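To keep things clear, I will list the structure first and then write my remarks on it.
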Amino acid sequence: MSVDKLAYYPGCPSEATALDQDISTKAVFKALGVELVEVEDWNCCGAAEAEDPKLVYALNARNLAIAEKDGLDIVTPCSICYYNLARTNNALKADEKLRAEMAEIDPSLSYNGTVTPKHILDVLMNDIGVDELKSKIVKKVEVKVAPYYGCYIGRPLGTAFDDPDDPVLMDQLIELIGGENVPFDYMKTKCCGGPLMMTRADIAFEMARKVLETAKNAGADCVALACPLCGMMLDAKQPDVEKALGIKIGMPVVYITQLLGLALGIDPKSLALGKNTVDTKVILGKVV
Amino acid sequence: MPIKTWELDSNFKNEILNEAGGEHLTACYQCSTCTLGCPITEIVPSYNPRKIIQMSLLGMRNEVLSNPDLWICAICQTCTARCPQDVVVGDVLAAIRRIAEKEEEAGNLKIESPRPLFEKAFLHTVEKYGRLYDIGLALEYYPKREGGTVSGIKAMMNDYKDFGMRMAFRGKMGPLGGHGLLKGVLPSKIKKTDVMKKIFEKVEGK
Ligand code: SF4
Ligand code: SF4
């Protein structure tokens, strides 16, 4: 299937802590000839903090309804936004009463269930597809990568688009751009600790340490990921993890769109490769 | 810990069954798959979602609702993905947390974990601006957690001084941060904040 236009749901971190993900996502889709139309006046999806499903449904019904008016499917670079959009879509599609309940909160929440929410990794690999990507790749990114999927790509079942225990889409993308996946199976889908960062930093730091040190011990040049909360925990907070645990890690962490962008011949600055917390120069030296 | 049979509340499981995500609770056959794959159990060995479910089924309402472990679940949904009985374990725990919060609001329970304060502070910024506002969140959360403005700001600075500098230095937050001037410092406010207000009023019953 080919796509040429999608509604883009950036998610809150895209405006600040995950600016690098937002910039690189836009650059990559532009290079691939897919137009991203930002969901107008989008609101927060509720992230992991809205624990009441009704609240999640209401917040996301509005975003889905806006994309529905434009007749576009939604793509987001954030795994949690994806999970919330997708589970809202499933719930509202299946339940007329729930749809009516949403519309009653405000008419702008009236949603008919015609939008398919997607994660960027899904769109890149399954909609745009390997052949199309291959035809646009002009450089080899010969890095050793620890492909990190985190939580909502392979689970839970109703919204997942990859295998829960052994997801492959990112691995395939990395091979496609000339990279090498280091042995990382056990860690691929472990939680980064993000949701506990503000309330139990001790546990969250330990979770992040495990992911980062496993990547390091496996000989990775960098960790690749596809979620801004993972980016926050593993990259932006990495110096805090090091300080709190008295260790040195120094593991570069990049968004999958940054790596793909390099293979598409986009210059590092346009991929915001200077905005990652841990220096990414080691990667630039391996683009041939 | 002996079970206080005279305190068991046989209706507790129904309370959970009625919450979204709680539907399959009674299908649990105590296989422990949820606990075995849990990343929190790996770090805190006493953490045991299977046991929380068993206690809930038995009706140990007080013990379950006052269990501090409720608040260290990372909502990673590994348990949910692996349960052979389709128990939506992650959502069951969330449902139990919501019941605990209601009990606290009613004055029947004291939750020691700061997590409800954090979640509320997060959602308050969404209600007000339509999007997460990190600084607003922190300015509400830390003073509440520390029980005072001065100690709160101190704790916040302690956690975020270095982080803030890093983000400012990379142009992600601060005067030149984000996509525009003062992004990350000032909230990113949507136009339809009135709809946000309605959502929170009607869903949260405020
Ligand atoms: S995995 Fe499912 S059936 Fe097994 S103990 Fe956990 S909740 Fe019960
Ligand atoms: S959702 Fe919570 S209980 Fe379940 S595996 Fe993840 S951290 Fe453990």
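Is there a simple number for the mean count of other chain Cβ atoms within 10 Å of the Cβ of residues in B:35-47, and what is it?
Working: counts 0, 0, 3, 1, 10, 7, 0, 4, 8, 4, 0, 0, 1.
Whole-number average of other-chain Cβ neighbours for B:35-47 is 3.
Treating the Cα atoms of the protein assembly as shown as identical point scatterers in vacuum, please give the log10 of the normalised Debye intensity I(q)/I(0) at q = 0.06, 0.09, 0.12, 0.13 Å⁻¹, two decimals.
Computed log10 I(q)/I(0) values: -0.26, -0.60, -1.12, -1.33.
Every cysteine in chain B with no other Cys Cβ under 4.7 Å from its Cβ, please list them in numeric order.
B:Cys28, B:Cys31, B:Cys38, B:Cys73, B:Cys83, each lacking another Cys Cβ under 4.7 Å.
Using the reciprocal of the averaged 1/r over all distinct C-alpha pairs, how large is the Kirkwood radius of the range B:115-203 in Å?
Result for the range B:115-203, one decimal place: 14.0 Å.
Under a 10 Å cutoff between Cα atoms, tell me which one of B:Thr193, B:Thr35, B:Thr80 has the largest fluctuation in the Gaussian network model of chain B.
It is B:Thr193.
With no solvent and one point per C-alpha, what does the Debye sum give as log10 I(q)/I(0) for chain A at q = 0.07 Å⁻¹?
-0.24
Please state the relative contact order of the range A:151-206 as a whole percent: Cα pairs under 8 Å, 6+ residues apart?
23 percent
Quick one: among A:Gly194, A:Gly261, A:Gly274, which has the greatest mean-square fluctuation in a GNM of chain A with alpha-carbon springs under 10 angstrom?
Highest fluctuation among the options: A:Gly274.
Short version: ³J(HN,Hα) in whole Hz for each residue of the range A:193-209, in order, from phi by Karplus 6.51 cos²θ - 1.76 cosθ + 1.60 (θ = phi - 60°), x for Gly and Pro, what are they?
Going residue by residue, I get x, x, x, 9, 4, 8, 10, 9, 4, 4, 5, 4, 4, 5, 5, 5, 4 Hz, with x marking Gly and Pro.
Show the residues, 5+ positions off or on another chain, whose built amide H is closer than 5 Å to the amide H of A:Val37.
Sorted by chain and number, the residues that satisfy this are A:Leu6, A:Ala7, A:Tyr8.
Which percent, to the nearest 5, of DSSP beta bridges fully inside the protein assembly as shown are antiparallel? Working shown, then result.
Working: 1 of 19 bridges.
If we restrict to bridges inside the protein assembly as shown, about 5 percent are antiparallel.
Taking Cα pairs under 8 Å and at least six residues apart, what relative contact order does chain A come out at, in percent? Spell out each step's value before the answer.
Details: 543 pairs, mean separation 60.3, N = 288.
Averaging sequence separation for qualifying contacts and normalising by length gives 21 percent for chain A.
I'd like the trypsin sites (Lys or Arg not before Pro) in the range A:177-252 restricted to DSSP loop residues with at most 10 other Cβ atoms within 10 Å, sorted by number.
Numbers: sites: A:Lys188, A:Lys190, A:Arg200, A:Arg209, A:Lys210, A:Lys216, A:Lys237, A:Lys243, A:Lys248; in loops: A:Lys188, A:Lys190, A:Arg200, A:Lys237, A:Lys248.
Answer by residue number: A:Lys248.
May I ask for log10 I(q)/I(0) of the range A:132-284 at q = 0.12, 0.14, 0.17, 0.18 Å⁻¹, from a Debye sum over the Cα atoms as equal point scatterers with solvent left out?
-0.48, -0.65, -0.95, -1.06
Which semi-axes, in whole Å and largest first, does the equivalent ellipsoid of the range B:50-206 have when worked out from the alpha carbon gyration tensor as the square roots of 5 times its eigenvalues? Show your work: numbers first, answer last.
Details: eigenvalues 223, 69, 63 Å².
Output for the range B:50-206: semi-axes of 33, 19, 18 Å.
Can you tell me the FRET efficiency between B:Asp86 and B:Ser66 if r is taken as the Cβ-Cβ distance and R0 is 35 Å, rounded to the nearest 0.05? Mind dumping the intermediate values first?
Details: r = 28 Å, r/R0 = 0.80.
For B:Asp86 and B:Ser66, the calculated efficiency is 0.80.
Summarise the partner chain shielding of A:152-159 as one whole number: the mean count of Cβ atoms from other chains within 10 Å of each residue's Cβ.
Taking the mean over all residues of the peptide, I get 4.
Here is the link list: A:Lys188/B:Lys13; A:Lys243/B:Lys189; A:Lys30/A:Lys97; A:Lys118/B:Lys198; B:Lys51/B:Lys120; A:Lys97/B:Lys110. Which ones come out longer than 30 Å on Cα distance? Before the final figure, lay out each step's value.
Numbers: A:Lys188/B:Lys13 35 Å; A:Lys243/B:Lys189 34 Å; A:Lys30/A:Lys97 40 Å; A:Lys118/B:Lys198 27 Å; B:Lys51/B:Lys120 28 Å; A:Lys97/B:Lys110 36 Å.
Cα-Cα > 30 Å for A:Lys188/B:Lys13; A:Lys243/B:Lys189; A:Lys30/A:Lys97; A:Lys97/B:Lys110; rest within.
Tell me, in nm to one decimal, what length is gained between B:Glu201 and B:Gln54 on full extension, where the rule is 0.36 nm per residue of separation less the Cα-Cα distance?
On the way: separation 147, 0.36 × 147 = 52.92 nm, distance 3.48 nm.
Working it through step by step, the gained length comes to 49.4 nm.
From other protein chains only, count the Cβ atoms within 10 Å of every residue's Cβ in B:13-22, then give the mean. Don't jump to the answer; show the numbers that get you there.
Numbers: counts 0, 0, 0, 0, 0, 0, 2, 6, 2, 0.
Counting other chains' Cβ atoms within 10 Å and averaging over B:13-22 gives 1.
For B:Ala168 and A:Asn126, what is the calculated FRET efficiency with R₀ set at 35 Å and r taken between the beta-carbons, to the nearest 0.05?
On the way: r = 38 Å, r/R0 = 1.08.
Approximately 0.40, to the nearest 0.05.
Using a Förster radius of 22 Å, what is the FRET efficiency between B:Ser32 and B:Ser10 based on their Cβ-Cβ separation? Nearest 0.05, please. Walk me through the intermediate numbers first.
Values: r = 24 Å, r/R0 = 1.09.
Calculated value: 0.40.
Using only alpha carbons, build the gyration tensor for the range A:5-120 and give me the equivalent ellipsoid semi-axes, biggest first, whole Å.
Numbers: eigenvalues 116, 48, 23 Å².
That gives 24, 15, 11 Å for the three semi-axes.
Using the Cα gyration tensor of the range B:1-108, with a ≥ b ≥ c the square roots of its eigenvalues, what is the shape: rounded (a/c below 1.5), prolate (a/b larger than b/c) or oblate (neither)? Don't jump to the answer; show the numbers that get you there.
Values: a/c = 1.42, a/b = 1.36, b/c = 1.04.
In terms of gyration-tensor shape, rounded.
Magnitude of the Cβ-charge dipole of chain A, K/R +1 and D/E -1, about the Cα centre, nearest 20 debye? Numbers along the way, then the final one.
Numbers: 30 positive and 41 negative charges, 153 e Å.
Roughly 740 debye, rounded to the nearest 20.
Could you give me the ³J(HN,Hα) list for the range B:84-93, computed from phi with Karplus coefficients 6.51, -1.76, 1.60 and θ = phi - 60°, whole Hz, x at Gly and Pro?
x, 9, 6, 6, 7, 4, x, 6, 4, 5
Charges only on Cβ, +1 for Lys and Arg, -1 for Asp and Glu: so what's the dipole of the range B:115-203 about the Cα centre, in debye to the nearest 20?
280 debye
With the crude spin-label approximation of a point 7 Å out along Cα→Cβ, what separation in nm comes out for A:Asp279 versus A:Lys69?
Here the answer is 4.8 nm between the modelled labels.
Bear in mind these aren't lab numbers, they're just calculated from the coordinates by the rules spelled out. Everything numeric in this text was worked out from a predicted model, so none of it was measured. Neighbour counts are summed over all protein chains in view; Cβ atoms, including those assigned to glycine, are modelled from backbone coordinates with ideal geometry.
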